[in-house]
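Note sheet for the following structure.
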Amino acid sequence: MKKMSNDVLNVLLVGVGGQGTILAGRVLSRAAISLGGEVKVSDIHGMAQRGGSVVTQVRFGPRVYAPVIAPGTADFLVAFEKLEARRWLPYLKAGGCLIVNDQEMPPLPVLTGAATYPADLVAVMGKLVQNLVVLDALDLARRAGNVKTVNMVLMGALARRLSISREAWEEALAASVPERFLEVNKKAFNLGWEQ
Amino acid sequence: MRELLIGNHALARGAWEAGVRVAAAYPGTPSTEIIEALARYPEVYAEWAPNEKVALEVAIGASIGGARSLAAMKHVGVNVAADPLMTLAYTGVNAGLVLVSADDPGLFSSQNEQDNRFYARMAQIPCLEPADSQEVKDMVMQAFNLSEEFDTPVILRLTTRIAHSYSLVELGDRQEVPLKSYVKQPAKYVMLPAFGKARHVVVEERCLKLAAYAETAPLNRVEWADRRVGIITAGIAYQYVKEALPGVSVLKLGLTYPLPEKLICDFVKAVKTCYVVEELEPFLEDQIRAWGLGVIGKELVPREDELSSAIVARTVGSQVAAVAPELVAPDLTAVALPGMRAPGGQRAGEGPVPDARETTTAAPAELPGRPPLMCPGCPHRGVFYVLKKLRLVVAGDIGCYTLGATPPLQAMDSCICMGASLGVAMGLEKARGADFARRVVGVIGDSTFLHSGMTGLLDMVYNGGTGTLIILDNSTTAMTGHQDHPGTGYTASHQPAPKVDLEQIARALGVHRVQVVDSYNLETLERAIQEETAAREPSVIIARRPCALLKKEKEAVYAVSPANCLSCRYCLDLGCPAISFSDGHGVIDPVLCNGCGLCTQVCPGEAIRKAGEEDE
C-alpha cells in the first residue's frame, strides 16, 4: 500500500498572533496551486488569535486528505519567532528543514516575570535539527522598507527551497497583497530568497 | 474554475448558487464568515440578527414566504435557536431552509464542545456533514433540494476544521429559483396543540421516508478496499481515516441523520472488523449498536477534543496494525502525541521505549506558554484592573473580555454563555443577600448585551435585584472580527442603520442609575463602580471606548524614564503586551504601544510619559 503522506508536502507556519502567518499561508497556498495537485490549508481564528501562539498549516500534493499536519511529519517548519519554533519543533519530521526568524517576542508570562524566556534557543535547536536556516527577518523586512513584511521575507527563504516556480510566487503575491504594498512585499520576498 | 476557499466561503458560494435569497446569523466562531460572504452577493439579503433565535426566525419567515433561506450559527448558537428549531421541524418549510451549525471540537473559541448532530435527532430532521470545502458547496445545494423534497428544515453541520480550512472548489453559476407562492396554511404553520399533534405524525412519517432515501442517497458512499477492516466515518474524521489507514474499506456518511440501516448492516457484515471513527460523541455508533451490530468506536477513539490523523493512527491504527500493518500509514503511528493517552493506558511517551525522535525534539514542558491576551490599548483592560483592585465578584460573559479571567488580571468568577452575566449576578444576590451584592458586578459586552443581556437586566429590575451591570461598550462585535450589530449604526452589508442607544435601553428597562464613563480613565471608572455597587438599587455603568483595533490613527506612544522608575512593577499588573521589565526598570515597546495611557495612571513615580517627553 502506498504511503500517502510521502506524496504530500507539509509546511507549518508558526508565530505570534499579528505577525502575518495567515497572509503568508495564503501566498504559499496560492503559489502551490500552480503545481496542479490539491492544496489544503488550516488556520486558527477567534480567541486563539489574540496575541497567542498561532499556526497555519499548508499541505499540497497529488491527493491531500487531512488539512492538518501530524506531529513528526512537517517537511518545513517556518517559525516567525524563536520560542514558537521550539514549541512546534516536534512537528518537524526527521530530516525536515527549520527556517527560523531570529527574533524574540516575550509572551505575557515572561513580561510579567512569571516565566523566563529560554536562553540559547537557536543553539539548542541547531543540535536537534541538521537542516536549519536562521535569518534576521525583522532586519531584512526593515531593509525592504516595512517591518510588517517579515512574513514575506520568510516566504522568500522558503520559496527557494521548494519546487514552485518564481512566476507562480509572483502571481500569488500579487493576488494576495493590496496593490500599494506589492512592491515592498516583493522586495522583502527577494531579500528572503537570497538568504 | 477552481478556487481555494475556506468551508464557510464555499458554503456561502453554494448557497448563492442554490438560489438562496435570505440569510441571517449572529456572529460566532467558527461560523462568522458565512454571512460576511453572503452579504457581498447582491442577489442575497443577508443580515446580522441580534441573536441566533431571531436569525432562525427570519429564515423561517422567508421560507414560509417562498424564498430559499439560510440561518448560520456556531454550535452554542443553536441552543439559543433551539426553540424555533424544534417547532420548525413540525411545520416544515415552503421554500428550502438550511440551518448551518458550526461546531467547535477542540474549543478553539468556545465555552464547550457540544455535538450538535443530536439536534437533528431530537428534531427528527436531516443532518448533512461535509468533509471538505467542495463537499460543503455541493451539500448546500443538496440540503436545499432535500428540504423542499421532504418538506423539512435541514441541518448542515460543519466543524472548525471544515469551516476554517481551505481546499479547492469548482465554482458554478447561480441557479435562479423563483419565489414560491405564499399560501395561508394554518394547519401547517400555526402550531396550536391540535395542529401540532397532527404535524407530529407527519414528522415521524417524514423521518421514515428520509431513512429510506438514505439507503441509496449519493451523500453516502462505500469505498471498498481491504475487507479485513471497515470504517464507518463522516465529516473531517473521514479525512483522518484516509490519511491514517489508507488501505481499509470505508463507509463515508454524508447524511448522518437519519442513518441507512441496511447500507450500514451490509457494510458491517462485509468486513471482518468494523470501526466507527467520529469526532466528539458516539452519535453514529450508538445508533449502529442499537441495531445489534458489533462495532468498535469510543472505547478507542477519544470523545474529547478534535481528532487528527495521528490520533486515528494511534488508536484504531495500532489495533489494525496488529493484524494488517500494511493498511496503516507508518509515519503516523511512529509519532507519540503530547498529552495523549496511548492504548494500554500509558500516556504517550511514557512507554518503555520512547520514540527516538520524540526524546530529541519534544517541546520541553517548561517552555513559557503564549496564551491569547487583550491587545495593547484594549478598552477592557482598565475595567478589569479596577475590578481586581476592588476585589469584586465578577459574573462574566462571552467576548474578548472573557480574557479578563486570565493572569495577571484574573478578575472574573464565572462565564457560562451569552448573556449569563446578569442572571448569575442576580442569583448570587438572591443566594447570599443584598450585602453580598455590594461586592458583585455583572460584566457584558455591547453586542452580547443586545444579544441576550437585556432580559437579564429586566429580571433584576422586576424582581428587586440591586446589582450593578457594567456594559463594556467597544462599539463592535470584536471577538469574531468586528461585525456590526444594532448599536453600531451599520448593517451586515455596511449600509447605515438606526443606532440603538444603550443608556435609553437601560432606562427603559427600569434602571434609574445609569452612568457612562471612559474606559481609559481609571479614576472615574473606580469611582463609578464604587458608587454604583454601593447603591441599593439596580444600576448600569457603560464603559465606553471603541475597540483598539478599530483605531485608524495611532496615538503618540509612551516611554519609561528609567531615572524616575521606582522598579515597583505596578505597570506590569495591567498585563499589557507592550510593557516589560528589564535592567531594573519598566520598558515600553514603541511598536506595540497603542497610546492608551493606562500605564501612566498606575505608575506612582510619574516615570511614564509620552515618548520624547520622558527626560524633561
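Computed from the coordinates by the stated procedures, all read-outs in this text should not be read as laboratory data. Remember, it's a predicted structure, so these values are computed and weren't measured experimentally. Cβ atoms come from the backbone with ideal geometry, glycine included; neighbour counts cover every protein chain shown.
Put in order of Cβ neighbour count within 10 Å, fewest first, the listed residues A:C97, B:C400, B:C576 become A:C97, B:C400, B:C576.
Principal axis analysis of the Cα atoms in the stretch B:138-286 yields extents of 55, 36, 26 Å, listed in decreasing size. Put a dot 7 Å past the Cα of B:I416, heading toward its Cβ, do the same for A:E179, and the two dots end up 5.4 nm apart. Using a simple spin-label model with pseudo-atoms 7 Å out from Cα toward Cβ, B:A434 and A:D136 lie 6.7 nm apart.
What average count of beta carbons from other chains do you get within 10 Å of the Cβ of residues in B:369-379? Provide the component values of the computation, followed by the final result.
Numbers: counts 10, 17, 9, 12, 7, 3, 4, 1, 0, 2, 0.
Neighbouring Cβ atoms belonging to other protein chains average 6 per residue here.
The chymotrypsin sites (Phe, Trp or Tyr not before Pro) of the stretch B:184-283 that DSSP puts in a loop, and whose beta carbon has at most 16 other beta carbons within 10 Å, are B:W224.
Throw me the Rg/Rh for the protein assembly as shown, computed over C-alpha atoms with Kirkwood Rh, two decimals. Mind dumping the intermediate values first?
Values: Rg = 27.5 Å, Rh = 28.3 Å.
When Rh is taken as the Kirkwood radius, the ratio is 0.97.
Our helix-only sum for the protein assembly as shown, with -39,500 (n - 2.57) per DSSP H run of n ≥ 4 divided by its residues, gives a mean residue ellipticity at 222 nm of -10000 deg cm²/dmol. Backbone geometry of the stretch A:75-92 corresponds, through the Karplus equation with coefficients 6.51, -1.76 and 1.60 at θ = phi - 60°, to 3J(HN,Hα) couplings of 6, 10, 10, 9, 9, 7, 7, 5, 5, 5, 4, 5, 4, 9, 3, x, 7, 6 Hz, x marking Gly and Pro.
Shown here: the stretch A:9-193, whose C-alpha atoms stretch 47, 37, 34 Å along the first, second and third principal axes, sorted largest to smallest.
Ranking B:C207, B:C378 by Cβ neighbours within 10 Å, fewest first, what do you get?
On the way: B:C207 20, B:C378 32.
Ascending number of Cβ neighbours within 10 Å: B:C207, B:C378.
In this structure, the amide hydrogen of A:A74, modeled 1.01 Å from its nitrogen in the peptide plane, lies closer than 5 angstrom to those of A:L92, A:K93, counting only residues at least 5 positions away or on a different chain. In which sequence would B:R228, B:R161 go, from the one with the fewest C-beta neighbours within 10 Å to the one with the most? Listed from fewest to most nearby Cβ atoms, that is B:R228, B:R161. For peptide A:111-118, the mean count of partner chain Cβ atoms within 10 Å of a residue's Cβ comes to 6. Using only Cα atoms, locate the centre of the stretch B:512-567 and the centre of the stretch B:242-281, then give the distance between them in Å, rounded to an integer. Cα centroid to Cα centroid, the span is 56 Å. The tail of the calculated P(r) for the stretch B:558-610, taken as Cα-Cα distances beyond 14 Å, holds 39 percent of the pairs.
Here the stretch A:132-155 and the stretch B:115-143 have alpha carbon centers that stand 43 Å from each other.
Cross-link reach is defined here as a Cα-Cα straight distance under 22 Å, omitting same-chain residues fewer than 8 places apart; for B:K298 the lysines meeting it are B:K242, B:K252, B:K269, B:K272. Annotation for the stretch A:116-195: GluC sites (Glu not before Pro) lying in DSSP loop with at most 16 further Cβ atoms inside 10 Å of their Cβ are A:E194.
List, in the order given, every pair from B:K554/B:K610; B:K53/B:K74; B:K74/B:K188; A:K93/A:K187 whose Cα-Cα distance in the structure shown is over 19 Å. Present the calculation step by step, with values, prior to reporting the outcome.
Values: B:K554/B:K610 13 Å; B:K53/B:K74 12 Å; B:K74/B:K188 28 Å; A:K93/A:K187 31 Å.
Violating the 19 Å Cα-Cα cut-off are B:K74/B:K188; A:K93/A:K187.
Shape summary of the stretch B:220-327, radius of gyration then Dmax from alpha carbon positions: 12.3, 34 Å.
Of the GluC sites (Glu not before Pro) found in the stretch A:75-113, the ones in coil according to DSSP and having at most 13 other Cβ atoms within 10 Å of their Cβ are A:E104.
Taken along its principal axes, the alpha carbon cloud of the stretch B:379-544 reaches lengths of 47, 36, 29 Å, longest axis first. Less than 5 angstrom separates the built amide H of B:V516 from those of B:I542, all sequence-distant by 5 or more or on a different chain.
Quantify how much of the Cα-Cα distance distribution of the stretch B:128-206 extends past 20 Å, in percent.
Numbers: 1606 of 3081 pairs.
The share of Cα pairs beyond 20 Å in the stretch B:128-206 comes to 52 percent.
Averaged over its residues, how many other protein chain Cβ atoms are within 10 Å of peptide A:67-79's Cβ atoms? Display every interim value, and only then the final one.
On the way: counts 12, 11, 3, 16, 15, 11, 8, 0, 0, 0, 0, 0, 0.
Shielding by partners across A:67-79 averages 6.
Annotation: amide H of B:Y45 within the under-5 Å range of B:V22, B:A23, sequence separation 5 or more or interchain, hydrogens built in the peptide plane.
Peptide packing: for B:30-36, B:67-73, the average count of neighbouring Cβ atoms within 10 Å per residue gives the ranking B:67-73, B:30-36, highest mean first. If the Kirkwood radius is taken over C-alpha pairs of chain B, then at 25 °C and 0.890 mPa s the Stokes-Einstein diffusion coefficient equals 91 µm²/s.
Rounded to 0.05, the FRET efficiency of the B:Y570 and B:E366 pair, given R0 = 25 Å and the Cβ-Cβ distance, is 0.35. Averaging Cα coordinates gives a centre for the stretch B:23-55 and one for the stretch B:385-442; these two points are 30 Å apart. 3J(HN,Hα) along the stretch B:531-536: 4, 6, 5, 6, 5, 8 Hz, from the Karplus curve 6.51 cos²θ - 1.76 cosθ + 1.60 with θ = phi - 60°, whole Hz, x for Gly and Pro.
Can you tell me what share of the DSSP beta bridges in chain B is antiparallel? A percent to the nearest 5 is fine. Roughly 25 percent of the DSSP beta bridges within chain B come out antiparallel. Pairwise inverse Cα distances across the stretch B:375-426, averaged and inverted, put the Kirkwood hydrodynamic radius at 11.1 Å.
Sorting B:538-550, A:147-159, B:483-495 by average packing, meaning the other beta carbons within 10 Å per residue, from highest down gives A:147-159, B:538-550, B:483-495.
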